[in-house]
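Working notes, structure below.
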Amino acid sequence: MESHKEWLEVLTADLVYISESEAGFEVFRFSEREPETVLSQAMDETGAAGQPVERGEPEAFFQPLTGTQDPEDPVASELAARYRELYDYISGHFRRISLFRAGLERKHIYLILQGEEDTTYVLHTEAIET
């Protein structure tokens, strides 16, 4: 594979975010560098423009996803391994990782990934938080 976008698409294929939404991930590529500008573009792409936004910590996003609650559960173990693989790839290839949540009960979650080149990648998923 040649590009980060292709790797991110492979790593997130059929990967669901564990919440009431069980939404998958979308991968976007932008030529902009500023996280707030990229966030605005991503929110436009995903229909979340104008929603309230809060900043989060990427580590706090991944922490509950990378550990299994029940080691006897093979599905949970596989899911945790896939999230660890995604996190390892992101932390190994991108120097700046930002996390934003937009919305009220239905949250759009954006992981903004910046590497050395002039391209910024965004992983987008959704969660229902009641």
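The values are calculated or read from the model by the stated rules, or taken from the named source; none is laboratory data. Given the structure is predicted, the values throughout are model-derived calculations rather than measurements. A quick note on method: Cβ atoms are made from the backbone with ideal geometry, for glycine too, and the neighbour counts reach across all protein chains shown.
Some points to look at:
- Where Thr120 falls short, out of the listed (1) out of contact with any Asp or Glu (no Cβ under 8 Å at 6 or more places or on another chain); (2) farther than 20 Å from Ile18 by Cβ; (3) touching a residue at least 12 places away in the same chain (Cβ under 8 Å): (1)
- Search result, residues across the stretch 54-88 that are acidic (Asp, Glu) and not in a loop (DSSP other than H, G, I, E, B): Glu54, Glu59, Glu78, Glu85, Asp88
- In the stretch 1-53, the residues that are in a loop (DSSP other than H, G, I, E, B) and among the aliphatic types (A, V, I, L, M): Met1, Ala13, Leu15, Val16, Ile18, Ala23, Ala48, Ala49
- Residue within the stretch 77-87 that is in contact with a Lys or Arg (Cβ under 9 Å, 6 or more places away or on another chain) and either modelled with pLDDT of 95 or more or farther than 20 Å from Ile18 by Cβ (or both) present: no
- Taking the criterion of being farther than 22 Å from Tyr89 by Cβ, among the hydrophobic types (A, V, I, L, M, F, W, C) and in contact (Cβ under 8 Å) with a residue 40 or more places away in the chain, the residues of the stretch 46-77 that qualify are Ala48, Val53.
- Residue, surrounded by the fewest Cβ atoms within 10 Å (Cβ to Cβ), within the stretch 89-111, restricted to residues that are part of a helix (DSSP H, G or I) and not hydroxyl-bearing (Ser, Thr, Tyr): Gly92
- Within the stretch 1-25, the set of residues being under 16 Å from Phe61 (Cα atoms), surrounded by 15 or more Cβ atoms within 10 Å (Cβ to Cβ) and in contact with a strand residue (DSSP E or B) (Cβ under 7 Å, 6 or more places away or on another chain) comprises Thr12, Tyr17, Ser19, Ser21, Ala23, Phe25.
- Test: residue in the stretch 21-36 that is farther than 12 Å from Ile109 by Cβ, among the polar types (S, T, N, Q) and without any contact (Cβ under 8 Å) to a residue 24 or more places away in the chain: no
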